[in-house]
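The values are calculated or read from the model by the stated rules, or taken from the named source; none is laboratory data. These numbers were taken from a predicted model, which means no experiment stands behind them. Heads up, the Cβs are rebuilt from the backbone with ideal geometry, glycines too, and the neighbour counts pull from every protein chain shown.
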Amino acid sequence: MLKTDKKVFVCLHPSLNNAQLTKDPGMFAYIMHRELHYDGYVVCYDNGPYPDLTTETNGLKLIFLKKGLLYPILKSIPDRLLFILKNAGKIDVLQVFQFSIASLLSGALYKILNPNGIVYIKLDWDFEGINRHAADIRDFARFSKFIDYDIVSVESIPAAEYLKNHPLLTKYADKIYYIPNGVDVEPYSNYLIPWESKENYIMHNGRLGSYQKATEIALEAFSRICKKHPDWKLLLIGPSEPGFDGVFKKYKDNPQIEYLGFLGKRKMRQYLSKSKILLFPSRYEAFGFAQVEAAFLGNVIVGSDLTCMRQITDNGNYGALEKVDDIDGFARSLDKIMDDQKLLHIKSEEIKKFVAENFSWTIICINLELLILQIKMGRLK
C-alpha cells in the first residue's frame, strides 16, 4: 500500500473531505511533500469527490480505508488499526488528531510496531474552551503511562502553556508545542493586488447566521455607522445557516449590505484581495483560517478578543479587538478604522508581512521538520 523510497508522512484522518484538503488535515502532509521531500499521505474513508486534490494540493496522495464489519459498533477504530498493522514500518511520521481513543490507540499501535517512528498528536482546542477537554486529558494521561508519544501541539501559546502546566501532563511538559495553522503563501500570492486597486469593502464570511459566527453582531454594528460612510459596503459571504434569513431580514433593503452566498475558492480569494477590512465577531474560534487568509491578502481585522484573534493581529496592533457581543464596540472600531484610509493602508501592509512571517505553512512545516530531526538526534545520545 505504501511503496516509496522517500520519507513518509501520514495523516490519519478518516473523516477528511474536500474542504479539509486546504486546512490542517491536508496541508501538513502536502507541505511536507512539496517543501521537505516526504511522500505525503492522508488516510481516510472515501468522502469525495476531491477536486482540490489536483488544483490545490497536487502531489498529496489519499489512501482510502474500507469500512469493516465492526464499523457500525466501533466506528473507525478497527479500520485505523488494520491500516497501522499493515503499514507501521513504512511510516516515518504519523499524525493523528485530538486525544480521542481512536487516535491514542492508533498512535500506541504504531509506536509498538515502529518504536523509531514519530507520533504527532495535533489538537485544535481553543484556549477559551479548553476546560471542556478534561476527560480527553485524563484519557491521554492514562495512555501515556505505557506509550511514549513524541509531539503534542495546540494552536495557541496560552493553550500550550496550560497543558505544559497541567498536573496530569508533567511527563509531557517538554513534548507539548505551540504549532499554529497557516496560509499557503505560494498560491495566495497570486491574488495580491496594490492598495490602489482595493475597494471599500468589509468582509464577513463563514457559516452565516450560526451562533458561532455572530452574523447579527456584524450586521448591526455596520448598520449603525454605515450612513456616515456611504462609499463602504459590507459583503456577506458563505453558506447560510437556518437562522440566517431571520437575521438578514432586517437589513436586506440596505444598499450598503450585500449577501453573496457561498463562493468557490478562487472567487472568494478575489473578493478577499479587493476588500480592506475583515469583520469577524465570532463567539469562539480555535484557529481562524478565514482570518489568516484574509490578513495575508491585506485585510485589517476587526474581531472578537479571542486568543486566535490576538495571535493573528499581534494583540490588536493590526486591527481592533472587541469583547464578544459588544455591538457598540464593534461599531466604534469600524468607524475609527474606516475614517483613516492612510492608517488603514499602513496596517494592511503590516498585517500582510506579519502573517507571511508567522503563519506561512512552509515555515510552519520547516519548523516541524526541525523538531522531528531534533527528536531523532536526541535518541542517538
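Table for the structure above
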quantity	calculated
Per-region count, the stretch 260-271, residues over 16 Å from the mean Cα position of the chain (by Cα), assigned to a helix (DSSP H, G or I) and in contact (Cβ under 8 Å) with a residue 24 or more places away in the chain	4
For Gly316: the one exception among (1) surrounded by fewer than 16 Cβ atoms within 10 Å (Cβ to Cβ); (2) at positive phi; (3) among the small types (Gly, Ala, Ser)	(1)
Helices (runs of 4 or more DSSP H) (entirely within the stretch 21-107) containing at least 1 residues that are under 27 Å from Ile147 (Cα atoms) and either of a type in the set (Phe, Trp, Tyr) or touching an Asp or Glu at 6+ places or on another chain (Cβ under 7 Å) (or both)	24-36, 71-74, 77-87
Long-range neighbours under 7 Å by Cβ, at least six apart or interchain, first residue assigned by TED's automatic domain parsing to the domain that holds Pro25 and farther than 15 Å from Leu36 by Cα within the stretch 50-63, second surrounded by fewer than 18 Cβ atoms within 10 Å (Cβ to Cβ) and of a type in the set (S, T, N, Q)	Tyr50/Asn18; Pro51/Asn18; Asp52/Asn18
Within the stretch 272-329, considering residues that are among the charged types (D, E, K, R), part of a helix (DSSP H, G or I) and in contact with a Lys or Arg (Cβ under 9 Å, 6 or more places away or on another chain), the one farthest from Trp232 (Cα to Cα)	Glu293
Among the residues listed as Val324, Val355, the single one being touching a Phe, Trp or Tyr at 6+ places or on another chain (Cβ under 6 Å) and modelled with pLDDT of 95 or more	Val355
Pair list, Cβ under 7 Å, 6 or more apart: the stretch 22-36 residue under 15 Å from Ile63 (Cβ atoms), other residue surrounded by 24 or more Cβ atoms within 10 Å (Cβ to Cβ) and modelled with pLDDT under 95	none
Filter result for Met309 (under 23 Å from Phe222 (Cβ atoms) and crowded, with 22+ Cβ neighbours inside 10 Å)	yes
Wholly within the stretch 118-234, strands (runs of 3 or more DSSP E) carrying at least 2 residues that are within 21 Å of the chain's Cα centre (by Cα) and in the same structural domain as Glu285 (by TED's automatic domain parsing)	201-205
Unique residue being at pLDDT below 95, in contact with a helix residue (DSSP H, G or I) (Cβ under 8 Å, 6 or more places away or on another chain), crowded, with 16+ Cβ neighbours inside 10 Å and closer than 30 Å to Ala160 by Cβ when the list is Gly206, Gly182	Gly206
Yes/no for Ile346 being crowded, with 18+ Cβ neighbours inside 10 Å and either assigned by TED's automatic domain parsing to the domain that holds Ile31 or part of a helix (DSSP H, G or I) (or both)	no
Residue list for the stretch 83-100, filter: of a type in the set (A, V, I, L, M, F, W, C) and surrounded by 15 or more Cβ atoms within 10 Å (Cβ to Cβ)	Phe83, Ile84, Ala88, Ile91, Val93, Leu94, Val96, Phe97, Phe99
Residue check, Ile63 under 15 Å from the mean Cα position of the chain (by Cα) and among the aliphatic types (A, V, I, L, M)	no
Check on His13, under 28 Å from Lys265 (Cβ atoms), exposed (fewer than 14 other Cβ atoms within 10 Å of the Cβ) and either over 21 Å from the mean Cα position of the chain (by Cα) or in the same structural domain as Ile151 (by TED's automatic domain parsing) (or both)	no
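Here is a yes/no grid of residues against (1) surrounded by fewer than 15 Cβ atoms within 10 Å (Cβ to Cβ); (2) at pLDDT 95 or above; (3) acidic (Asp, Glu); (4) closer than 28 Å to Gly316 by Cβ:
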| position | (1), (2), (3), (4) |
| --- | --- |
| Pro242 | yes, no, no, no |
| Gln256 | no, yes, no, yes |
| Tyr259 | no, yes, no, no |
| Gly264 | yes, no, no, no |
| Tyr271 | no, yes, no, yes |
| Lys276 | no, yes, no, yes |
| Phe280 | no, yes, no, yes |
